[in-house]
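Read through the structure below, which is laid out as structure tokens, and then see the notes.
The values are calculated or read from the model by the stated rules, or taken from the named source; none is laboratory data. Quick caveat, the model's predicted, so the values are computed rather than measured. Cβ placement follows ideal geometry from the backbone for every residue including glycine, while neighbour counts extend to all protein chains displayed.
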Amino acid sequence: MLIQKFLDYLKMEKNYSSLTIKAYGDDLIDFQKFYSQVNSSVDLIHVRRADVRNYLMFLSEHGYSERSINRKISSLKSFYKFLLKIGEVKFSPMNGVVGLKQKNKIQIPFSIDEMNQLFNSDGVFPDSFEGRRDALVIELLYQTGIRRAELIQLKVNDIDFAQNQIKILGKRNKERLLPIGDDLRDKLSNYLEERALRFSSTNDYLFLTSKGKAFYDKLVYKIVNTYLSLVSTKSKKSPHMLRHSFATHMLNQGADLSAVKELLGHSSLVSTQIYTHSSIEQLKKVFNHAHPRSEK
């Protein structure tokens, strides 16, 4: 099967993470399903550019965002580039297919006050294993800026309590070490003690569900969205917004851009620079301080 050959190539040759490979596979299988319904065939070597255009129209008509469509375009381009490489096709149906122009959406990070309210207010997190686990999940995301996938992949042995640091397996299996404070270290230690009493399994993953299974994408999103909804009215309340907040607050407090780049696991400063914008709170302070009519 060509899709499986491609996924094996991503794993063995490109050293992509399992979550990235799964995303590619889901995109390609979705396209194969569409193509087979229209053409009564699952053989993707006969796909034409018109088939791709019809697929993109289908996605747009069914409410897919520009970002989601562009990701699927990227997956298909990589797939057919691979097929050209191994000689399965002589022409890529993706030639001439360009991504959609995405609207620039302003992403407003959570404020420091909102994060303090979340962690310092009584009764936000239930007095239970799940409540303390959920608080730790959000604390870890916010204090380290790690990605949702990186949190899910964290294992118990990745925590170095003696050195106050954790090992993160990032994109394309690149490892980095991140510092943690004493308070977060102690919370991790307490969590592991309670986890050991609750579960007899030898599951290596750090965060476990109430049934002792490894975490998954939707659960992490649900945890973040549920608790942040209690303290914030912002429309987007996702794990990525905690990463966004981490970077913004670090930079606003004077952290060096190159240091934040290393903490986030970015390969270049270009990716980190999206967080260098001034927050609306900063702009208000500048305005109130500098404009002669601001107090009137």
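Surrounded by 12 or more Cβ atoms within 10 Å (Cβ to Cβ) and in contact (Cβ under 8 Å) with a residue 12 or more places away in the chain, is that true of LEU219? So LEU219 does not fit the description; no.
When region 161-173 is limited to residues that are over 19 Å from VAL220 (Cβ atoms) and touching a Ser or Thr at 6+ places or on another chain (Cβ under 8 Å), the one that is surrounded by the fewest Cβ atoms within 10 Å (Cβ to Cβ) turns out to be ARG172. Of the numbered criteria (1) in a loop (DSSP other than H, G, I, E, B); (2) under 19 Å from the mean Cα position of the chain (by Cα); (3) modelled with pLDDT of 85 or more, the one SER267 fails is (3).
Taking first residues from region 1-29 that are in contact (Cβ under 8 Å) with a residue 24 or more places away in the chain and partners that are in a loop (DSSP other than H, G, I, E, B) and surrounded by fewer than 17 Cβ atoms within 10 Å (Cβ to Cβ), the Cβ contacts under 8 Å between residues at least 6 apart in sequence or on separate chains come to LEU2/GLU88; LYS5/ILE86. Surrounded by fewer than 12 Cβ atoms within 10 Å (Cβ to Cβ), assigned by TED's automatic domain parsing to the domain that holds LEU140 and more than 26 Å from LEU10 (Cα to Cα), is that true of GLN273? No.
Inside region 120-149, residues that are free of Cβ contacts under 8 Å to residues at least 60 places away in the same chain and of a type in the set (D, E, K, R) make up a count of 3.
Among residues of region 83-100 that are outside any loop (DSSP other than H, G, I, E, B), those with a Cβ under 7 angstrom from a residue that is of a type in the set (S, T, N, Q), sequence gap 6+ or separate chain, pair up as LEU84/SER92. Put simply, of SER92, SER128, SER121 the only residue that is outside the structural domain of SER235 (by TED's automatic domain parsing) and of a type in the set (Ser, Thr, Tyr) is SER92.
Across region 82-104, the qualifying residues are those that are of a type in the set (D, E, K, R) and surrounded by fewer than 13 Cβ atoms within 10 Å (Cβ to Cβ), and the one among them that is farthest from TYR9 (Cα to Cα) is LYS103.
The set of residues in region 147-170 being under 22 Å from THR20 (Cβ atoms) and in contact with a helix residue (DSSP H, G or I) (Cβ under 7 Å, 6 or more places away or on another chain) consists of ARG147, ARG148, ALA149, LEU151, ILE152, ILE166, LYS167, ILE168, LEU169, GLY170. All told, ALA214 meets the bar of being in the same structural domain as SER121 (by TED's automatic domain parsing), surrounded by 15 or more Cβ atoms within 10 Å (Cβ to Cβ) and either over 16 Å from LEU141 (Cα atoms) or among the aromatic types (Phe, Trp, Tyr) (or both). Annotation: of all residues in region 183-208 being part of a loop (DSSP other than H, G, I, E, B) and among the hydroxyl-bearing types (Ser, Thr, Tyr), the one that is surrounded by the most Cβ atoms within 10 Å (Cβ to Cβ) is SER201.
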